[in-house]
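To keep things clear, I will list the structure first and then write my remarks on it.
The values are calculated or read from the model by the stated rules, or taken from the named source; none is laboratory data. On a predicted model such as this, the values are computed, not experimentally measured, just so you know. Cβ sites come from the backbone with ideal geometry, for glycine too, and all protein chains shown count toward neighbours. Just so you know, the surface numbers come from the protein's heavy atoms only, side chains and all, with ligands and any DNA or RNA stripped out. Shrake-Rupley method; radii C 1.70, N 1.55, O 1.52, S 1.80 Å.
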Amino acid sequence: MIKDKVAEVRNAIADACKKAGRNSSEVTLIAVSKTKPVPMLSEAYEAGCRDFGENKVQELTDKYGQLPDDIRWHMIGHLQRNKVKYIVGKVYLIHSVDSLKLAEEISREAVKKKVTVNILIEVNVAEEESKFGVSCAEAPALVEKIALLPGICVKGLMTIAPYVENAEENRQYFVKLRQLCVDIKNKNIDNVCMDILSMGMTGDYTVAVEEGATYVRVGTGIFGDRNYEM
Ligand SMILES: *Cc1c(COP(=O)(O)O)cnc(C)c1O
């Protein structure tokens with residue numbers, strides 16, 4: 001049952017917080033519902049989930065219209081510039097901004113709709129070839145440039161750690177992202193907060209929480225395996 005899975009994840013988050021001397025109210029669980037049908041999301045909603053993560057614009061906007069409007073929708077997947085217009089005004093947070101051009105498009109759309117869009121910078125901390133995201137070295141300059149754009153607010157950083165058997169192997173990357181976040185925060189850039197660290201997935205979220213995650217993105221751990229052939 002999804003309800004039991006949600007409880008299990010929440011307990012594991014609470015344990016990791018305790019271990020790290022953190023308050024569990026600092027960590028928000030995002031139920032990553034990509035590929036899963038609306039009734040399963042409703043079940044998670046009934047279990048108290050209000051934050052949902054999707055990685056495709058079309059799927060997000062479809063589900064958006066079918067579920068309660070107190071849900072906070074998180075765009076966690078790679079975002080194409082020509083699709084920005086469909087989600088601005090709908091999503092609570094875009095986790096996957098990794099270029100100035102994409103940020104400029106979000107800014108244009110935000111100004112047009114008279115809203116402010118909160119974003120995270122996606123950082124490829126482990127420097128995997130197959131992954132999107134800027135390098136740690138590039139991130140500060142990108143934040144400084146995006147901070148100058150109207151209608152957009154940089155709230156923190158996101159990373160997708162490598163797929164590993166042993167979550168401990170990813171601790172180094174979570175530590176690195178947190179340190180990068182602190183470094184950027186210390187620059188005191190106008191319009192930049194750096195209070196959010198989106199890191200940790202089903203395989204490694206407890207380690208991420210121990211290292212300071214404020215958002216964990218859990219899919220399989222709540223909804224079970226995904227079937228991409230559907
Ligand atoms: C799919 C996905 C997740 C969730 O992955 P699980 O391993 O199923 O928990 C988290 N973050 C991003 C960006 C994803 O695309």
query = What is the packing order of peptides 91-102, 76-87, taking the mean over residues of other C-beta atoms within 10 Å and listing the highest first?
reply = 91-102, 76-87
remark   = Nearest-0.05 FRET efficiency for residue 130 and residue 228 at R0 = 22 Å, using Cβ-Cβ distance, is 0.85
note = The answer for residue 196, listing residues at least 5 apart or on another chain whose modeled amide H is closer than 5 Å to its amide H, is 156, 157
Calculated from backbone phi, Karplus (6.51, -1.76, 1.60) coupling profile of segment 94-110 in Hz, x at Gly/Pro = 9, 8, 10, 8, 9, 8, 5, 4, 5, 4, 5, 5, 4, 4, 4, 5, 5
ask   = Of all the accessible heavy-atom surface of the chain, with the other protein chains kept in place and a 1.4 Å probe, what percent is carbon and sulfur?
value = 48 percent
remark   = For the chain, the per residue accessible area (1.4 Å probe, Å²) is 49 Å²
Cα-projected label distance for residue 104 with residue 179, points at 7 Å along beta-carbon direction, nm = 3.3 nm
request  = Let me know the shape class of the chain, please: from the alpha-carbon gyration tensor, a ≥ b ≥ c as square roots of the eigenvalues, rounded when a/c is under 1.5, otherwise prolate if a/b is greater than b/c, or oblate.
outcome  = oblate
ask   = Taking the Cα-to-Cβ direction at residue 148 and at residue 38 and moving 7 Å from each Cα, how far apart do the two end points lie in nm?
value = 4.4 nm
request  = Provide the percentage of antiparallel DSSP beta bridges, counting only those with both residues in the chain; round to the nearest 5.
outcome  = 0 percent
request  = Quickly work out the residue 190-to-residue 169 label distance, labels modelled 7 Å from Cα along the C-beta direction, and quote it in nm with one decimal.
outcome  = 4.6 nm
request  = Just order 42-52, 163-173 by mean Cβ neighbour count inside 10 Å, highest at the front, would you?
outcome  = 42-52, 163-173
